[in-house]
Structures are given as C-alpha cells and as structure tokens.
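Student: Below is a structure I'd like to ask you about.
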Amino acid sequence: MKSQIAKLGHVAIHTPDLEESLWFFNEVLGLQIVEQTNDTAYLRGQRDWEHHTLSITESGQKGVDHIAFRTSSADALSELADQFETNGTDVTYLDAGVESGQGEAIRIEKFGHPYEFYYDVEKPRAPEDQRSGLKNRNYTEAVANRIAPRRIDHVHVQDPSETATDHAVWLEDELGFRLNERYRAEDDELWGWWLAVTPLPHDIAIHREPPGSSEGFHHLSYHLDSLNELWSAADILSEHGIEPDGGPGRHAITRADFLYVSDPASGFRIELFAGPGYLNFEPDWEPIEWTEEDIGGETNHQWVGQGPAWDGLEYVN
C-alpha cells in the first residue's frame, strides 16, 4: 500500500529546566533555536526545513509528549483521521497554531505511544545573517558549532512483549511502513523491527522489552555527514564534561555509525547517526533478518563499539 505518511516530523519533550536543556541542545549539540515562548523552545538541525524537529517544554517533568509524522498531503491527513475512526481509534483534532509553526493536526494513542500527524507547516528560512549562500541548504556552516546535527533522521521506541509485534504490524498494515530489517532473539521471537516510509534504513524502530514492562521512548536521532564528525562530537562532549551513553561505533543493523548522548536536565537521549548506512529504493524489498549467530545478542548487536542501555523515557500524560 502507498503510505499516507511522508516523513518523520518532530518529537516534543518535557524538561524540568528549559535553560539547562537549551544549554545542551543548542550550545553543546548545536541545534538552532527557531522560536521560543515563555515555556517552550522550538529547534531544528542545520538542514532541516520545517519550523522545528524538536520542541522542549519546561513543565517540571521528564518525558516525551508526542512523536509527529508529516502526511503526504492535506487530503492524506483527512483520510488518515477517517481511517483511524473507522478502525475504532480515538482521534483528537488540533486547530492550526496549537503547536507553533504547524497547521491542523490529529493525535492518537496506539500501544501506549502518543502519535501526532499533520501536513501544513511553516518552513521559515534561517535569519539572513545565519543563512547559507547555497540555496539547497538552510543555515550557513559559519554559525555551526563542531557537532551541528544536520537533519532529523529517526525515532526508536520500546514495547513490552505483549504489544511489540502488534505495534510493528500496525505500522506496516495501517500506516504503510516498509519493514527493512528485523532481529530474531534466542527465544525465536522477534526482538526488533526497523521500518521506513522514506528510503532511509528506518524512520522508526521498535525493540521488545520483557513482559509487563512499560512502553517508552528510547531515542531521537539526528544525522551527521561522516564517522569523523562522531569522533569530533565525542571530543566536544568530553570538553563539556558529558559522557556518551554509547559509541562512537557502527551498527550491524542499518549499517550506520552512531554515538548516543542524553540531555543532563531532561534525560532525553539523542543518537548522532552518520552514514546514512544505505538508502533503499527497491520496490520488492524482502526484510533482512538477523540472529545472535549473525551479529551477537539483541542488546549489543554492533560491529564496532558498545551500544547504549536499553531503558527509555516514559510518556508524559
């Protein structure tokens, strides 16, 4: 089926201290602040075009508010809302402007994960004194720090065993995601799914937690251009007294280079993802399946380097 989803749009998070979180995301990582209200800041990468790819709200809490995907058209957004309601999913409708820089949107909760979908969105150019002279880029490299994430890449979430498979099937069957890769654990059950609506290796990934676990959000990924930039990023983090959660290293699954780090204030984890590994343009793709015999255990399936812990953040109701 042709997906009504065009791409990953943004993630909205909560922090107990906006000033400290902006120190991390803006000054250390180098995400650009597009707009800031009293309690919320909107940021994006050097080559992101949408109004924001990350919003941070000071609420006294830690956690994720929602994961947002942009639809392929305004009609696709309306069709998606009708589809959800027909299938018995409660839909919340948001007016334009409820979220800064964004038009009308809908929100649902599936398998404990808060999803948002929208089409209309502002795409402000960088301020003139920060604008690239290259028309196919937004910000000039002259305003970038040494990390400077380029663009939003993917999200990774977690589910208890009871719902993990159903969540992955829902993304495929109802939203039209393509399953690119999966990992089968020693118990012969699937442990991980890497799914995409774009040619990227994945726009969203899911991994399975033990029975009775809570669903959660593991990380948001931003793209860098090369492995060398990950090593520079590790140096910068060290200079600021921040220890990475994992890496630099290379994933076997998705074939990309990685470094994980969390905001000290909010606990929100970012993966810096270089590569991009591969791009998939095949219309008849068959999912690649990995096992421990191929690449090691499900929680450490790297070619090089140690991955992060597999605990995630809760969602904020």
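The values are calculated or read from the model by the stated rules, or taken from the named source; none is laboratory data. These figures come from a predicted structure and were not determined experimentally. Note that we place each Cβ from the backbone using ideal geometry, even for glycine, and neighbour counts take in every protein chain shown. When the accessible area is computed, the model is the full protein with side chains, heavy atoms only, and any ligands, DNA or RNA have been set aside. Shrake-Rupley method; radii C 1.70, N 1.55, O 1.52, S 1.80 Å.
Student: May I ask you to list the lysines whose Cα is less than 27 Å away from that of LYS123, ignoring any residue fewer than eight positions away on the same chain?
Tutor: Output for LYS123: LYS2, LYS7, LYS135.
Student: Sticking with this one: Cα-based Rg (one decimal) and Dmax (whole number) for segment 102-142, in Å?
Tutor: Cα radius of gyration and Dmax of segment 102-142 are 16.3, 45 Å respectively.
Student: For segment 200-317, just say rounded, prolate or oblate: build the C-alpha gyration tensor, square-root its eigenvalues into a ≥ b ≥ c, call rounded for a/c under 1.5, and beyond that prolate if a/b exceeds b/c, oblate if not.
Tutor: oblate
Student: If amide hydrogens are placed 1.01 Å from N in the peptide plane, which non-local residues have theirs closer than 5 Å to the one on GLN102?
Tutor: Amide H neighbours of GLN102: GLY97, GLU122.
Student: Report the net charge of residues surrounding HIS51, where surrounding means a beta-carbon distance below 10 angstrom and charges are Lys +1, Arg +1, Asp -1, Glu -1.
Tutor: Neighbourhood net charge equals -3.
Student: At a 1.4 Å probe radius, carbon and sulfur cover how many percent of the accessible area of the chain?
Tutor: Taking all protein chains in place, the chain shows 43 percent carbon and sulfur surface.
Student: Then there is this: Note down the net charge around PHE273, summing +1 for each Lys or Arg and -1 for each Asp or Glu among other residues with Cβ under 9 Å from its Cβ.
Tutor: Net charge in that neighbourhood comes out at -3.
Student: Bin width 5 Å, origin at 0, all Cα-Cα pairs of segment 118-249: what percent of pairs per bin?
Tutor: Once binned at 5 Å, the Cα pair distances of segment 118-249 give 2, 9, 13, 16, 15, 15, 13, 10, 5, 2, 1, 0.
Student: Can I ask one more? What whole-number value in Å² describes the accessible area per residue of the chain for a 1.4 Å probe? Mind dumping the intermediate values first?
Tutor: Values: 13480 Å² over 317 residues.
Computed with neighbouring chains in place, this is 43 Å² per residue.
Student: Okay, moving on. Work out from phi, with θ = phi - 60° and the Karplus expression 6.51 cos²θ - 1.76 cosθ + 1.60, the ³J(HN,Hα) of each residue of segment 260-272, listed in order in whole Hz, and give x for Gly and Pro.
Tutor: These are the phi-based 3J(HN,Hα) values: 10, 8, 10, 5, x, 7, 9, x, 6, 9, 10, 9, 8 Hz.
Student: Return the sequence-ordered ³J(HN,Hα) values of segment 107-117 in whole Hz as given by the Karplus equation 6.51 cos²θ - 1.76 cosθ + 1.60 applied to θ = phi - 60°, using x for Gly and Pro.
Tutor: 10, 9, 10, 10, 6, x, 9, x, 10, 10, 9
Student: If you don't mind, there's one more thing I want to ask. State whether the chain is rounded, prolate or oblate according to the following rule on the C-alpha gyration tensor (a ≥ b ≥ c being the square roots of its eigenvalues): a/c under 1.5 gives rounded; otherwise a/b larger than b/c gives prolate, and the remaining case gives oblate.
Tutor: Rounded.
Student: Quick check: net charge around ASN317, other residues with Cβ under 12 Å of its Cβ, Lys/Arg +1 and Asp/Glu -1? Mind dumping the intermediate values first?
Tutor: Working: positive: none; negative: ASP65, GLU109, GLU314.
After counting each charged neighbour, the total is -3.
Student: May I pose another question? D for segment 194-264, whole µm²/s, Stokes-Einstein with Kirkwood Rh over alpha-carbon pairs at 25 °C and 0.890 mPa s: what number? The partial results should precede the final answer.
Tutor: Details: Rh = 14.1 Å.
In µm²/s, the coefficient rounds to 174.
Student: Still on this structure, I have one more. Can you give the % of DSSP beta bridges in the chain that are antiparallel, to the nearest 5?
Tutor: Values: 56 of 81 bridges.
Restricted to the chain, the bridges split so that about 70 percent are antiparallel.
Student: Whole-Hz ³J(HN,Hα) for each residue in segment 162-174, computed from phi via Karplus 6.51 cos²θ - 1.76 cosθ + 1.60 with θ = phi - 60°, x for glycine and proline: what do you get?
Tutor: Residue by residue, segment 162-174 yields 5, 10, 4, 5, 4, 4, 5, 5, 4, 4, 6, 7, 9 Hz.
Student: Can you give me the long-range amide H partners of LEU200? Hydrogens built in the peptide plane at 1.01 Å from N, cutoff under 5 Å, separation of 5 or more residues or another chain.
Tutor: For LEU200, whose amide H was placed from the backbone, the distant partners under 5 Å are ASN280.
Student: Using amide H atoms built in the peptide plane, which far-off residues or other-chain residues are under 5 Å from LEU54 H to H?
Tutor: Those qualifying (amide H under 5 Å, at least 5 residues apart or on another chain) are VAL11, LEU43.
Student: With a ≥ b ≥ c the root eigenvalues of the C-alpha gyration tensor of segment 92-196, is it rounded (a/c under 1.5), prolate (a/b larger than b/c) or oblate?
Tutor: Since a/c reaches 1.5 but b/c is at least a/b, the shape of segment 92-196 is classed as oblate.
Student: Sort 14-24, 184-194 by the packing proxy (mean of other Cβ within 10 Å over each peptide's residues), most packed first. Intermediate values should be presented prior to the final figure.
Tutor: Values: 14-24: 18.6, 184-194: 17.0.
My ranking of the peptides, most packed first, is 14-24, 184-194.
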